[in-house]
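Presented below is the structure to which this report refers.
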Amino acid sequence: MLAQGEDVRLIAGGQTLVPLMAMRLARPKRLIDIARIGELVFVRRQGDAVAIGAATKQCALECDGLIGADVPLLAKVMPLIGHAPIRARGTVGGSIANADPAAEIALVAVILDAIMVYREETRSAEIAASDFFVGPMTTVLSPASCLTCVRFPIWREERIGVGFHEVSARRSDFAFASAGAQIALDGNGVCRRLALGIGAVAGVPLRLKALERALVDLAMAGRVFADSPAAESTLRQQVAAAIADVDPLSDLHASADYRRRAATSLLVRAVTDAYRDAKGEPHRAH
Amino acid sequence: MPTGTPRESHTVPIELAVNGKTHLLDVEPRMRLLDCLRERLLLTGAHAGCEHGVCGACTVLIDGTPIRSCLMFAVQADGCTITTVEGIAPAPGELSPVQDAFCETHGMQCGYCTPAMILTAHALIANNPAPTREEIVEAVSANICRCTGYAQIIEAVALAAERMRGRNQPARQP
């Protein structure tokens, strides 16, 4: 049915597509509802990843013990996705496949380098999150494809911490800028692994890999995450320098310059929170 | 039809259990649940506000959970149990404890958001009989009150929760 033409769209929760239709930004001739396909609704461990069926409702992840234990960054963002009635209908796959630049799940997928599994006619294939998003509301999937599952990698280190911050006009509205980080510390409390990124700033969620590498090197040298003003200042400089290279979106609500500044502050907070979380310290109020 | 595409007029049979009564309907696939409730079942308590999922005025309960009826097609609700504001009073002419509390604390001004606020409050209290102020704020934040009368709305939900907690206890002697 999907292969019949470009005016056919999949619908599951409808929390992104139906608003687009209401605003006439999407005008599909036919909708195929996949919400009740039970095979697309699951959360389970699969090797070193947690696999989530594309039609799994967002509200189902909010209190899922497996998500909380194995993909803590995903658990952290769930309450920030729209309001409870949106999460009651919205699906994990729908959020990713519709590729809103401000979508929290998409950002977490890019930060953790999740794997997207999809079907195209009879063929099943996989693609990394880093190659999946093309631009606002656009992915590499053809209109004849159906996202079936997303696999989020599990970090096996003992001391994991996460942080996530976003800014929006009203609580739970679309973010103007968002930032998330997941960190792993060794037995001495030194950062050994860091993944971070920003959302809603550019047309797609961005993972900042060069910044990750720079911060891990600086952490080994004791120059960041050292609870000193110098370490905090170094962290901020590094983050600001990395985000200076980003070409942000600009609209009525938030200029490009605002988005760059907001993303810098939010990412500093997210990384700091992640570090404190991994060390077992409470987050400071920002 | 501005698009020039041929309009398909076929309908789909659906079954909705609304406020305790089962309805068998034939609806066009493009009919939203909100329009179905308002136009076919004449349950006009669910309001059309922004019509793209932001304001919450169209909130109804599906299997006890608040959802946006403007973002759901009626065919997607086939087989579901739906509660609208018309279905929460215990008997005709009476009010539910939440409705009562909204009256007493003046938890409404223009009333446009009120049915959705009341359903949201019912769902909250059903899952959490003693919500904190923060939990009430979080729940009603899904609904926009453009009169900005949130303080009394929060007061109303807290009062209703308190009364519903005490409902089945023996009356105190004077």
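Couple of notes before you dig in:
- Helices (runs of 4 or more DSSP H) enclosed by region B:96-174 - at least 3 residues per element that are over 25 Å from residue B:81 (Cβ atoms): B:133-140, B:150-166
- Candidates B:50, B:58: the one that is of a type in the set (A, V, I, L, M, F, W, C), within 12 Å of chain A (Cβ to nearest Cβ) and within 12 Å of the chain's Cα centre (by Cα) is B:58.
- Summed over region A:143-153, residues that are surrounded by 18 or more Cβ atoms within 10 Å (Cβ to Cβ) and either of a type in the set (A, V, I, L, M, F, W, C) or free of Cβ contacts under 8 Å to residues at least 60 places away in the same chain (or both) total 5.
- Region A:31-41, subset in contact (Cβ under 8 Å) with a residue 24 or more places away in the chain and assigned to a loop (DSSP other than H, G, I, E, B), residue farthest from the other protein chains (Cβ to nearest Cβ): A:34
- Matching residues in region A:59-85 - criterion: being away from chain B (no Cβ under 14 Å), in a helix (DSSP H, G or I) and among the acidic types (Asp, Glu): A:70
- Meets criteria (among the aliphatic types (A, V, I, L, M), closer than 21 Å to residue B:117 by Cβ and either within 14 Å of chain A (Cβ to nearest Cβ) or outside any loop (DSSP other than H, G, I, E, B) (or both)) for residue B:17: no
- Single residue of region B:61-87 satisfying the filter (in contact with a Cys (Cβ under 8 Å, 6 or more places away or on another chain) and of a type in the set (D, E, K, R)) that is nearest to the other protein chains (Cβ to nearest Cβ): B:68
- If you go through region B:29-52 and pick out every residue that is in a loop (DSSP other than H, G, I, E, B) and surrounded by fewer than 15 Cβ atoms within 10 Å (Cβ to Cβ), you end up with 3.
- Those residues of region A:1-20 which are on the phi < 0 side of the Ramachandran plot, within 24 Å of the chain's Cα centre (by Cα) and not hydroxyl-bearing (Ser, Thr, Tyr), in sequence order: A:9, A:10, A:11, A:12, A:13, A:15, A:17, A:18, A:19, A:20
- Number of the exception - residue A:28 against (1) free of Cβ contacts under 8 Å to residues at least 24 places away in the same chain; (2) farther than 24 Å from residue B:30 by Cβ: (2)
- Helices (runs of 4 or more DSSP H) fully within region A:171-286 that include at least 3 residues being surrounded by 14 or more Cβ atoms within 10 Å (Cβ to Cβ) and β-branched (Val, Ile, Thr): A:229-244, A:256-279.
- Qualifying residue in region A:98-110 (condition: surrounded by 15 or more Cβ atoms within 10 Å (Cβ to Cβ), closer than 30 Å to residue B:117 by Cβ and within 12 Å of chain B (Cβ to nearest Cβ)): no
- Boolean, residue A:26 is part of a loop (DSSP other than H, G, I, E, B), closer than 27 Å to residue B:52 by Cβ, modelled with pLDDT of 95 or more and within 14 Å of chain B (Cβ to nearest Cβ): no
- Any hit, region A:112-134, residues being more than 14 Å from every other protein chain (Cβ to nearest Cβ), closer than 27 Å to residue B:54 by Cα and among the aliphatic types (A, V, I, L, M): yes
- Of residues in region B:104-159 being of a type in the set (S, T, N, Q) and away from chain A (no Cβ under 14 Å), the one surrounded by the most Cβ atoms within 10 Å (Cβ to Cβ): B:114
- Among the residues of region A:125-142, the ones that are surrounded by 15 or more Cβ atoms within 10 Å (Cβ to Cβ) and not in a strand (DSSP E or B) come to 5 in all.
- Within region A:16-44, the only residue that satisfies the criterion of being in contact with an Asp or Glu (Cβ under 9 Å, 6 or more places away or on another chain) and loosely packed, with under 12 Cβ neighbours inside 10 Å is A:27.
The values are calculated or read from the model by the stated rules, or taken from the named source; none is laboratory data. Being a predicted model, the structure only gives us computed values, none of them experimental. Every residue, glycine as well, gets a Cβ built from its backbone with ideal geometry; the counts of neighbours run over all protein chains shown.
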